[in-house]
Amino acid sequence: MIQFEHVSKHYDEGYDALKDVSFTLNTGELAFLTGHSGAGKSTLLKLVMLMEQPTAGHVQVGDQILGKLGRHDIPFLRRSIGVVFQNHQLLFDRSVFENVALPLQICGYSPADAARRVRAALDKVGLLNREKMNPRALSSGEQQRVGIARAIVHKPKVLLADEPTGNLDPQLSEEIMRLFEQFNRVGTTVLIASHDLSLIRSMRHRMLTLKSGRLIADG
Ligand SMILES: Nc1ncnc2c1ncn2[C@@H]1O[C@H](COP(=O)(O)OP(=O)(O)OP(=O)(O)O)[C@@H](O)[C@H]1O
């Protein structure tokens, strides 16, 4: 569950990136977050990951009110969240397998347990036969799927994506969005920032629309 209660975010440089935003995304729900460039989509996702702090209001993820978390609680929060970025941020000096294994190494999984989970994640995104390859040798759609495998390998309760289809053609974009739907079907709460309106309208999910930092539509 993700809950925003009267959340505002003012950057020191003078921008009000979010203004009095309130909504609840229930456990197991999938929603798209849309709006023009600069509307505040990335800022909203950063508040959920605690990469930024709100200037006013409260953000809650599961039963955690983020403003009340101590420094030591933050790694635990981050482990319950998976994040997919537009430019997937893969490491090109490591194999596909090693890229997906990274979050598990950070969490201290044993190599055998990590290997089992990495293969399960690669299987879910249809890339099991690519594990030894360097991600540079993959197509951009495949690279994005490696990024998704890395985001879900630790079975997060919440999956966030920031313009995950930004560089992809319409067919690959739809395939990526269908993958998110699959994770949602097994109970993951999913929030996807995208300005690909024609694609997200066709998918008929809840749509949160930001305009200049305000939530102007929810439905
Ligand atoms: N670290 C920052 N410091 C100062 N201003 C920022 C910072 N990050 C974002 N902003 C400003 O906050 C506003 C919202 O930006 P944000 O990146 O959240 O929008 P967005 O909807 O994700 O845009 P895009 O679709 O272009 O990525 C913009 O005016 C932006 O310039």
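Every read-out reported here was derived from the displayed coordinates using simple, explicitly stated rules and does not represent laboratory data. From a predicted model like this one, the values you see are computed outputs, not experimental measurements. Every residue, glycine among them, receives a Cβ derived from its backbone with ideal geometry; neighbour counts consider all protein chains shown.
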For the stretch 35-86, take the convex hull of the Cα atoms, compute a quarter of its surface area, and give me that in nm², please. 4.3
Of LYS46/LYS157; LYS68/LYS211; LYS9/LYS155; LYS46/LYS132; LYS124/LYS211; LYS9/LYS68, pairs whose Cα-Cα distance is over 27 Å: LYS68/LYS211; LYS9/LYS155; LYS46/LYS132; LYS124/LYS211
Figure the gain on full extension for HIS205 and HIS10 (residue separation times 0.36 nm, minus the Cα-Cα span) and round it to one decimal in nm. 67.3 nm
Whole-angstrom gap from the stretch 146-219 to the stretch 80-118, using each part's C-alpha centre: 20
So for the stretch 31-131, using the alpha carbon gyration tensor with a ≥ b ≥ c as root eigenvalues (a/c under 1.5 gives rounded; past that, a/b versus b/c decides prolate or oblate), I'd call it oblate
Per DSSP, the loop-located trypsin sites (Lys or Arg not before Pro) within the stretch 152-217 having at most 10 other beta carbons within 10 Å are ARG204
Counting alpha carbon pairs within less than 8 Å and at least 6 residues apart, what relative contact order, in whole percent, applies to the stretch 94-150? 51
Using alpha-carbon pairs under 8 Å, 6+ residues apart, how would you state the relative contact order of the chain in percent? 30
Here the equivalent ellipsoid of the stretch 178-219, derived from its Cα gyration tensor, has semi-axes (largest first, whole Å) of 21, 12, 9
Compute for the chain: radius of gyration divided by Kirkwood radius, i.e. Rg/Rh, restricted to C-alpha atoms, rounded to two decimals. 0.96
Dipole magnitude of the chain, debye to nearest 20 (Cβ charges: Lys/Arg +1, Asp/Glu -1, about Cα centre): 500
Total formal charge among the other residues, if their Cβ is under 14 angstrom from that of LEU160, Lys/Arg +1 and Asp/Glu -1: +2
How many times 2.2 N^0.38 Å is the alpha carbon radius of gyration of the stretch 94-150? 1.02
